[in-house]
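The values are calculated or read from the model by the stated rules, or taken from the named source; none is laboratory data. These numbers come from a predicted model, not from an experiment. Note that we place each Cβ from the backbone using ideal geometry, even for glycine, and neighbour counts take in every protein chain shown. Side chains are part of the model used for accessible areas, which takes the heavy atoms of the whole protein and leaves out ligands, DNA and RNA. Shrake-Rupley method; radii C 1.70, N 1.55, O 1.52, S 1.80 Å.
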Amino acid sequence: MGQGEEKPEEITQETRLAALRQAFKERFGLLPQFISRAPGRVNLIGEHTDYNGGFVFPVAINRTVLMAVAGPEEGAPVGQVRIISKDYDKEAVFNLNQLDKAPEAERWTNYVRGVAWALGQRGLLAPGSLPGARILLESNVPQGAGLSSSAALEIATALALFRLAGFPASAVNRPQVALACQLAENGFVGANTGIMDQFISALGRTDSALLIDTRSLDYRAVPLGFADRSLKLIAVNSAVPHRHDASGYNQRRAECEEAAKFLANFYGKPADSQLRDFNLEELLGVEDKLAPVPFKRARHVITEDARTLKAVELLEGGFANPADLATFGRLLGQSHESMRDDFEITVPQVDLLVELAWNLPGVIGARMTGGGFGGCTVNVVETASVEDFREKVLLEYRQQTGLDAKMYIFDAVEGGTILE
Ligand code: GLA
C-alpha cells in the first residue's frame, strides 16, 4: 500500500460489523438488535446546483457510518437515548421528548438529535412515541473532507429510528427521509445545504451514479461500468478541512437566489423561479445589468447543469464515439474551472491537486467535488495508471504545499440499509 492511501477494502465490512457488535456488548452488556448503515458520497459532476433546482450526479461510496442499536436500558426514562461514539470514545445522553441542540461538548450528537426532530416536524415519525435507545456509532467516512460524513450519519439515524418504530425497511419512503435529513441540516444544525448528500446516501445504487433532478426529485441510476472500462474512481483529500458553517456556502446560495430573482423579474417569470429555469442566453442578456458577482455565480450554475446532463448522456450512450470518454473528462475539467473562476469555491491547494492530476497520463478527468473551500478532488483514472497517479500526485503535492494528501479508491455502493 502506497504512502498516503487509505484502503477501504483493507478492513472488510464483515470485520467492522463483528468488532462493532463486540464493542456494543462490552459497553452495554448485550448484543445490538440491528445495525443501521449509510454511505458517504462523492459527486461526479453537478456542483452547487442542488439548491438551484438543478441536476447532480453523485455516487454513494464504500465508506460508511455504522450505528449499532438496541432499545433503552431497563428503568431508563421513556425516550432516553444513550449514545456512544466509538471513534471519539465519548458518551452522551438525551431524550427524544426534548430535542434541544446539544451543549458544545456533545456537538457530535446534533445530527442524531436533529434527525429525530426533523422526522417529527415532517410528520414521518413521532420521536416521542419511541421508547428510547442505546446506540454505538462508528464511521470510516473521512470527516471534514467533503465526502458527506454528516449526511451518512443522518441517514443511518433516520433508518435506525424507523426500525425502532417497527417499520420494515421497504416501508420507508426514502426521498421523504432524505428531505427530513436535509431539514435536520438546515433547521437544526444550521447549514443551508441542498438535498444531494442525503438523497444519494439514502438511495445510492451499486456500481452506479444517480442523476437526480433536485427539484422534482426524479432520479435514475446510471451504471458506471468502470470495471469493464478499466477505470477507477479516485478521491484525493487535500487535507484542507472543509466545513459548511464556516465557509461561504450560505453566501453563495444567497448570491444565486439574488441572480434568480433578478432574472425572474427581468424576463417576467414567476417570482419563485430558480437558476434552473434560465438558460445561458437569457443570462447573457442581462450581463450589463446584473451585478458581476451574482452574474458569475449564475453562469457557473447554468453551465454546470448543462455539463451534468451532457456527461450523463455520454455515459448512457456507452461512450459510443471514440472521443466521448475524453469529452466526458473535459466536462469534469470545465466544471472545475467554473468552480474556480465563477463560483470561487476552490482553494489553491485543491486547484493544485486538479492541475497535478491533469498533467498525468491516464487521467480522464479531475475536479473538486462537494461543497468547496477545501475537501477532496474526484478523479477518473485508467486502472493501469493508478500507481503512477498515486506516487506523483501525492509526492508533488507534498513538495509544493507541505501537506499530506490522502487518496481513496472508491466503489459505488447501495444507499442506507438495516443489517439485522
Ligand atoms: C454540499 C451540500 C450539497 C451541495 C454540495 C455542492 O455537499 O451539502 O447540498 O450543495 O455541497 O454541490
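Spacing of the modelled spin labels on Asp87 and Gln121, each 7 Å from Cα toward Cβ, amounts to 2.4 nm.
To the nearest 10 degrees, how steeply does helix 386-401 sit against the main Cα axis of the chain, on a 0 to 90 scale? Result, in degrees: 90. Model label sites at Ala326 and Asp388, defined 7 Å from Cα along the beta-carbon direction, differ in position by 1.6 nm. I want to make sure I understand the PRE zone here: with the label point 7 angstrom from the Cα of Ala165 toward its beta carbon, which residues in region 110-128 have backbone N atoms less than 16 Å away? Only 112-128 pass the distance filter. Among the listed pairs Lys289/Lys310; Lys25/Lys86; Lys232/Lys392, those with a Cα-Cα distance over 19 Å are Lys289/Lys310.
When the helices of the chain are scored as -39500 (n - 2.57) per DSSP H run of n ≥ 4 and the total is divided over every residue, the value at 222 nm lands at -12000 deg cm²/dmol. Counting only protein heavy atoms and a probe of 1.4 Å, the accessible surface of the chain is 49% carbon and sulfur.
Our coupling estimate for region 207-220, obtained by passing each phi through the Karplus curve with A = 6.51, B = -1.76, C = 1.60 and θ = phi - 60°, is 6, 9, 9, 10, 8, 10, 7, 6, 8, 7, 6, 5, 8, 8 Hz, Gly and Pro reported as x.
Sequence-distant contacts, meaning Cα pairs under 8 Å at least 6 residues apart, place the relative contact order of region 356-420 at 24 percent. For Lys310, project a label point 7 Å along Cα to C-beta. Then give me every residue of region 19-47 with its amide nitrogen under 15 Å of that point. Backbone N within reach: 45-47.
Across region 69-224, the mean sequence separation of Cα contacts (distance under 8 Å, 6 or more residues apart), normalised by length, yields a relative contact order of 22 percent. Asp50 sits among other residues whose Cβ lies under 11 Å from its own Cβ, and their net charge, with Lys and Arg +1 and Asp and Glu -1, is -2. Rolling a 1.4 Å probe across all protein chains gives Trp358 an accessible area of roughly 90 Å². In percent, rounded to a whole number, the relative contact order of region 231-410 is 35, using alpha-carbon pairs under 8 Å and six or more apart.
Against the main long axis of the alpha-carbon atoms of the chain, helix 174-183 sits at an angle near 90°. Residues in region 82-88 carry Karplus couplings, in order, of 9, 10, 10, 9, 5, 5, 8 Hz; the curve used is 6.51 cos²θ - 1.76 cosθ + 1.60 with θ = phi - 60°, and Gly or Pro positions show x.
Length gained on full extension, Asn265 to Lys289, computed as 0.36 nm times the residue gap minus the Cα-Cα distance: 7.4 nm.
In this label model, Ser230 and Arg16 are separated by 3.0 nm, measuring between points 7 Å along each Cα→Cβ vector.
Rolling a 1.4 Å probe over the protein chains gives Leu309 an accessible area of about 70 Å².
How many percent of DSSP beta bridges within the chain run antiparallel, rounded to 5?
90 percent
The amide H of Val56, built 1.01 Å from its N in the peptide plane, has Ile212, Thr214 as neighbours under 5 Å, considering only residues 5 or more places off or on other chains. Note that region 101-110 has calculated 3J(HN,Hα) couplings of 5, 6, x, 3, 5, 10, 3, 4, 8, 4 Hz, one per residue in order, obtained from phi through the Karplus relation 6.51 cos²θ - 1.76 cosθ + 1.60 (θ = phi - 60°); glycine and proline are x.
Might you tell me the accessible area per residue for the chain, computed with a 1.4 Å probe and given in Å²?
40 Å²
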